[in-house]
Amino acid sequence: MKPDPTRYALTRRHLLGQAVTAGAALVTAPAWAETLVHLRLPGGPDARSMTTDFPQKGSMILQRSRPPLLETPFEVFDKGVFTPNDQFYVRWHWAVIPTEVDVDKFRLAVRGHVNQVLSLSIKDILSLPRVEIAAVNQCSGNSRGFFQPRVAGGEWANGAMGNARWTGVRLKDVLDRAGIKAGAVQVRLNGLDEPVVSGAPDFKKSLDIDHARDGEVMIAYAMNGEQLPLLNGFPLRLVVPGWYATYWVKAISDIEVLDQPDDNFWTKTAYTIPDTPRADMKPGQTGVKMVPINKMVPRSFITNIRSGETVRPNQSTLVRGIAFGGDTGVAGVDLSSDGGRNWQATTLGKDEGKFSFRQWQAQVTLRSGGNYTLMTRCTNSNGVAQPDQANWNPSGFMRNVIEATPVVVA
């Protein structure tokens, strides 16, 4: 299918109108909203401000202002499987991020171990076959704030994730246009963000050549039927379905094909996990082999009932939520109303694709008053289920323990 340039028009005037606002938000000291949200983090302060001061963003949980770390309020996930663009979480590594992009002058370089070096305009990108995919984008450290003992880093609750219908072109088609030379082993991507100080490592990430050319990895220019927000990677970002968001490079401007493994800091040293089942190790443990983080693991959440909420006894109560299978689809979601002793199958909602959120729901009846714990467990299409024990690693990555929601019956 050919791209429809009228549907996804990327105009300089429209962008710069947004960019001026973005620049003001990022370089001044906005008057953050006084509304606070408590994230129920066990290891430290959990109060966060709510803010509406970032461009193209609605109400967000402010984790950090520079670089912006904005968390999606959890109630948003109860509204549907696709996360609205204006409340889609934001995470940048360096504070020097693009605050304006002239799309008429923008070029995407394709170079390195290729037959032909390319400098592609937005028009060139739009001329390639258009593809769409629904996929979850989840920060590697989503839910880090629940790790015990506490670890360093952004203390996210469960909102450093989002699901969108991404529109763009296959990375494979871009690479094939340049022509890959024999001996290519990886593809490294770089964006428009820059280190704050001289000598700091520029943020770059690499994929093995076969993965980069599998037809699922894509360069997106739109999400949920609209152009990418500036803070979510405008004008182009990488989409790596089923893999953690560290690989989803934002505002990509440079694609380099490598003939040897990438040894840059962000691939070799940062974003590594223990090479153990579930990336698990003991606090203080040494001598553990570390490998780059990669595929996501299954998760599920209750979205319509909050922790500590009161429900009526002897009355059928709807419990609803979302799940995703990680690097594959959702096979089933089970619900327990007695702290994990007994489980019942839930009813799954529409399947939007194997990399997407999927809604589920079930009815439960709690017979007597008191305290109860609702738990939800996803099993993916590969037969991998969420564990009943949390993992731990010093980076706070890959949490996917069965979620527990305490409720009061009265």
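The values are calculated or read from the model by the stated rules, or taken from the named source; none is laboratory data. The structure displayed is predicted, hence computed values, not measured ones. Backbone-built Cβ (ideal geometry, glycine too); neighbour counts: all protein chains shown. Only protein heavy atoms, including side chains, enter the accessible area calculation; ligands, DNA and RNA are left aside. Shrake-Rupley method; radii C 1.70, N 1.55, O 1.52, S 1.80 Å.
Quick notes on this structure:
- Taken about its Cα centre, the chain carries a charge dipole of roughly 280 debye when the Cβ of each Lys and Arg holds +1 and the Cβ of each Asp and Glu holds -1.
- Label reach from Asp46 (point 7 Å along Cα→C-beta): in the range 309-327, amide nitrogens under 15 Å belong to 309.
- Mean residue ellipticity at 222 nm, helices only, the chain: -2500 deg cm²/dmol; runs of at least 4 DSSP H residues each add -39,500 (n - 2.57), and the sum is divided by the number of residues.
- Ordered from highest to lowest accessible area with the whole protein assembly present and a 1.4 Å probe, Trp266, Trp343, Trp92 read as Trp343, Trp266, Trp92.
- Farthest toward the positive end of the dipole of the chain, out of Val288, Ser119, Leu36, is the Cα of Leu36, where the dipole comes from beta carbon charges about the Cα centre.
- Probing with 1.4 Å while keeping every protein chain in the model, the per residue accessible area of the chain equals 42 Å².
- Ordered from highest to lowest accessible area with the whole protein assembly present and a 1.4 Å probe, Arg111, Arg341 read as Arg341, Arg111.
- Folded to 0 to 90 degrees: helix 12-27 orientation relative to the chain principal axis, Cα: 60 degrees
- Solvent-accessible area of Lys282, all protein chains in place: 150 Å² (probe radius 1.4 Å, heavy atoms, ligands and nucleic acids excluded).
- With contacts taken as Cα pairs under 8 Å at a separation of at least 6 residues, the range 321-409 carries a relative contact order of 32 percent.
- Distance between the modelled labels on Gln344 and Arg312, one decimal in nanometres: 1.7 nm (7 Å Cα→Cβ projection).
- Normalised by the number of residues in the range 21-173, the average gap of Cα pairs under 8 Å and 6 or more apart makes the relative contact order 21 percent.
- Greater than 31 Å apart at Cα, pairs in Lys57/Lys282; Lys123/Lys268; Lys79/Lys289; Lys123/Lys181; Lys57/Lys105; Lys204/Lys289: Lys57/Lys282; Lys123/Lys268; Lys79/Lys289
- Split the accessible area of the chain by element, probe 1.4 Å, and carbon with sulfur accounts for 48%.
- Under 5 Å, built H, 5+ apart or other chain: amide partners of Ile180: Asn115
- Longest to shortest principal axis, alpha-carbon extents of the range 155-272, angstrom: 41, 34, 24
- Using θ = phi - 60° and Karplus 6.51 cos²θ - 1.76 cosθ + 1.60, couplings along the range 399-409 (whole Hz; Gly, Pro as x): 5, 8, 4, 4, 7, 10, 10, x, 9, 10, 9
- The listed residues His38, His211 rank as His38, His211 when sorted by accessible area, largest first, using a 1.4 Å probe.
- Applied to the range 159-171, the Karplus parametrisation 6.51 cos²θ - 1.76 cosθ + 1.60 on θ = phi - 60° returns per-residue 3J(HN,Hα) values of x, 8, 7, x, 10, 9, 8, 8, 10, x, 10, 5, 4 Hz, with x for Gly and Pro.
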